[in-house]
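The values are calculated or read from the model by the stated rules, or taken from the named source; none is laboratory data. All values derive from a computational prediction rather than experimental measurement. We place every Cβ from the backbone using ideal geometry, glycine too, and count neighbours over all the protein chains shown.
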Amino acid sequence: MAKKQSFSDKVRKAGMVFGKVCPTCGEAMSYVKRLEPVKKASGSLGFKDTMVPTCKCNIKEVQEA
Ligand SMILES: [Zn+2]
């Protein structure tokens, strides 16, 4: 269960950056969780959770991707 612990650590760290303000529009950014395809060392494809900061500048791109 070590993996699970490190994941919740990451979530806690991500939580610390909530409230970041976009330098372009000045709005508070919110984080959207996305699954990013990653190539594992074994050569197989996997997915990892990524928190993407979004605001009105890029919300459409993030939601469409
Ligand atoms: Zn913005």
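Just a few scattered comments:
- Qualifying residue in the range 34-45 (condition: within 23 Å of Ser6 (Cα to Cα) and within 16 Å of the ligand (Cβ to nearest atom)): no
- Enumeration of residues in the range 1-43 that are of a type in the set (A, V, I, L, M, F, W, C), modelled with pLDDT of 70 or more and surrounded by 10 or more Cβ atoms within 10 Å (Cβ to Cβ): Val21, Cys22, Cys25, Ala28, Met29, Val32, Leu35, Val38
- Which numbered condition Ala65 fails, given (1) at pLDDT 90 or above; (2) more than 16 Å from the ligand (Cβ to nearest atom): (1)
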